Amino acid sequence: MSRPIRWGMVGGGIGGFIGEAHRMAARLDGKFELVAGALSSDPERARQSAARCFIAPDRSYGDYREMAAAEAARPDGIEAVSVVTPNFSHHAITSAFLERGIAVICDKPLATSLADAQDLVARAAEAQRLLGVTYNYSGYPMIRHARGLIAEGGIGQVRQVQVEFALGWLSVPLEQEGVKQAWRTDPASAGPSGVVADIGTHAYHLLRFVTGLEVQTLAADLSTMVAGRKLEDNANILLRFKDGARGMLWASMVAAGESVGFRLRVYGETGHIAWDEAFPDQLHLRLLDGTDQTLHRGGKLSPLAKSATRLVSGLPEGFIEAFANLYGDYAEQIIARREKRAPDPLSLLAPTGADGVDALAFVEAVLQSGRANGSWVALG
C-alpha cells in the first residue's frame, strides 16, 4: 500500500455541492488526504470550511497564489490539487499549480476558451504533471462496459448517436434572485457559453468516450428561453461524424420538471445500447437477432466495468462512486510517477487535459454555428 497522496483544494467551501462531491470521491478509496486548501475567496468562510475539513490553520490559505507558493516550498507539500471554482478562474489557478510542479484535477470545463485550454495542456506537458478534467460520468461501470462492447463490435459499426442532458432548475430567472449557482448564466463567471459549456460538454465527452467517434461537422440551434438571461440555456445540435455516422445532442437548463435527465443511445448495424443516468447500474442491449438484455453492474461484464465496480450486483452504486473512479484513476497515475513505474493502463481511461481541449473545441464550434443561424461548422 502506498501512502495517500497529499492533496489540496481551491474552491469548494462549505455549502457547495460540487466541492463536497469531490471530497467524498477522493476519500472513498483512501488514496487522497486533504491537507491544504484555499476553499473560499471570503476569509471567514475559508477558515470555517478548512476547520470542517480538518485542515490545519497554517495550511488554510486566503489566495490560491499564496497556497501554490507555500505548498511547493514545504517538504510535505501537496502533490495534487483540485480546482473547484467558477469557469473563468480555471486557467489562472491551474497554471499557478502546474508551474510549481503540482498535479491538477480541474472541474469542467478546463477553461473558457480553446486557446487557454491548449495552453494548460502545454504547461502540464512541460511540467510532466497530471492534468485531469472531471467529466465524471465516464466513471460509471456500465458506461465503461458500453465502451468496450462497442469497440469489440457488439452492435456493429455505429450509425447513429442520440445524447441528451436536460435540467430544469433554470426554467425561471434564478440569477435575478441572487441564487449562487446561477453564476452559470453570467458570462463574467461562466465564460462565453452557458448550457453548452456547463452540461453540453458532459454529453459530448460521454458520446466520444463510449463510441470513439470524432465529430467532423456540426450545426447548432442555440436559444435563450428565459427573458433577460445573458447566455444560451438550450441547445439542439446536429452532428456528422468522420466515419459517416450521424448524431444529435440536446442540452438544456430549462427542461421544466427534469432533475438530471442524462441519457445516451447508440445505434449500430446490428443493434443498439441505451443508458439512463437515473438507472446507472443498467445498460440495455437490443440486437437484430432478437437479443433483448438488461445488463447489470456487478454481473459478468468486461474488465473495463469490473475495474470500476465496488459492490456485488443488486447493491446500488451511483454518482459518488463514478466520481471516485476518476479519482482512483488519477491516484494510480500520480502514485506510478512517484514510484517510477508505468501506471495501470485502465487508469488512463480517466479524462485528461486533452479531453478538456476537445470539449472547448466543440464549444467554440457550437457557438460559431449558433451565431451563423445554425450553419454547418467544421470541428478540428
Some residue of the stretch 335-358 being closer than 17 Å to Met1 by Cβ, in a helix (DSSP H, G or I) and free of Cβ contacts under 8 Å to residues at least 60 places away in the same chain: yes
Checking Gly328 against (1) under 23 Å from the mean Cα position of the chain (by Cα); (2) closer than 30 Å to Asp186 by Cα, the condition it does not meet: (2)
Positions within the stretch 229-250 being in contact with a helix residue (DSSP H, G or I) (Cβ under 7 Å, 6 or more places away or on another chain) and either basic (Lys, Arg) or outside any strand (DSSP E or B) (or both), in sequence order: Arg229, Lys230, Leu231, Glu232, Asp233
Residue satisfying all of: in the stretch 149-173; in a loop (DSSP other than H, G, I, E, B) and within 20 Å of Leu287 (Cα to Cα); most open to solvent (accessible area, probe 1.4 Å) among these: Glu152
All positions within the stretch 354-380 that are in contact with a helix residue (DSSP H, G or I) (Cβ under 7 Å, 6 or more places away or on another chain), farther than 15 Å from Tyr204 by Cα and not hydrophobic (A, V, I, L, M, F, W, C): Ser375
Of the criteria (1) closer than 19 Å to Val104 by Cα; (2) in contact with a His (Cβ under 9 Å, 6 or more places away or on another chain), which one Gln333 fails: (2)
Complete set of residues in the stretch 28-51 that are open to solvent by 60 Å² or more (accessible area, probe 1.4 Å), closer than 23 Å to Val133 by Cβ and free of Cβ contacts under 8 Å to residues at least 40 places away in the same chain: Glu33, Ser41
When residues of the stretch 54-89 are limited to those that are of a type outside the set (Ser, Thr, Tyr), without any contact (Cβ under 8 Å) to a residue 40 or more places away in the chain and outside any helix (DSSP H, G or I), the one surrounded by the most Cβ atoms within 10 Å (Cβ to Cβ): Ile55
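Sort out which residues of the stretch 258-288 are open to solvent by 70 Å² or more (accessible area, probe 1.4 Å), outside any loop (DSSP other than H, G, I, E, B) and closer than 27 Å to Val195 by Cβ, and write them in order of number.
Residues satisfying the conditions are Arg263, Arg265.
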Residues that are more than 20 Å from the chain's Cα centre (by Cα) and part of a helix (DSSP H, G or I), drawn from the stretch 90-103: Ala96
The stretch 226-238, residues that are open to solvent by 20 Å² or more (accessible area, probe 1.4 Å) and under 29 Å from Leu349 (Cα atoms): Asn236, Leu238
Meets criteria (touching a residue at least 24 places away in the same chain (Cβ under 8 Å), open to solvent by less than 20 Å² (accessible area, probe 1.4 Å) and part of a loop (DSSP other than H, G, I, E, B)) for Ala255: yes
Leading residue by the ranking (farthest from Phe362 (Cα to Cα)) among those in the stretch 166-199 that are out of contact with any Pro (no Cβ under 6 Å at 6 or more places or on another chain) and hydroxyl-bearing (Ser, Thr, Tyr): Ser171
Selection count where residues are basic (Lys, Arg) and closer than 26 Å to His90 by Cα, scope the stretch 314-372: 3
Criterion violated by Gly13 - all others in (1) free of Cβ contacts under 8 Å to residues at least 60 places away in the same chain; (2) assigned to a helix (DSSP H, G or I) satisfied: (2)
Residue that is at pLDDT 95 or above and more than 21 Å from Gly139 (Cβ to Cβ), where the choices are Pro43, Pro75: Pro75
Only listed residue being part of a helix (DSSP H, G or I), closer than 30 Å to Ala305 by Cβ and in contact with a Leu (Cβ under 8 Å, 6 or more places away or on another chain), chosen from Ala182, Ala203: Ala203
Search result, residues across the stretch 305-325 that are in contact (Cβ under 8 Å) with a residue 60 or more places away in the chain and surrounded by fewer than 20 Cβ atoms within 10 Å (Cβ to Cβ): Lys306, Ser307, Phe319, Ile320
One residue from Gly37, Gly8 being at pLDDT 95 or above, closer than 25 Å to Asp116 by Cβ and touching a Cys at 6+ places or on another chain (Cβ under 8 Å): Gly37
Qualifying positions in the stretch 351-368 - buried (at least 21 other Cβ atoms within 10 Å of the Cβ), closer than 16 Å to Leu231 by Cβ and touching a strand residue (DSSP E or B) at 6+ places or on another chain (Cβ under 6 Å): Val366
Count of the stretch 174-225 residues which are open to solvent by 40 Å² or more (accessible area, probe 1.4 Å), at negative phi and small (Gly, Ala, Ser): 1
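The values are calculated or read from the model by the stated rules, or taken from the named source; none is laboratory data. Note that the coordinates shown come from a computational prediction; the quantities given were computed from them, not determined experimentally. A quick note on method: Cβ atoms are made from the backbone with ideal geometry, for glycine too, and the neighbour counts reach across all protein chains shown. Calculation scope for accessible area: heavy atoms of the full protein, side chains included, ligands and nucleic acids excluded. Shrake-Rupley method; radii C 1.70, N 1.55, O 1.52, S 1.80 Å.
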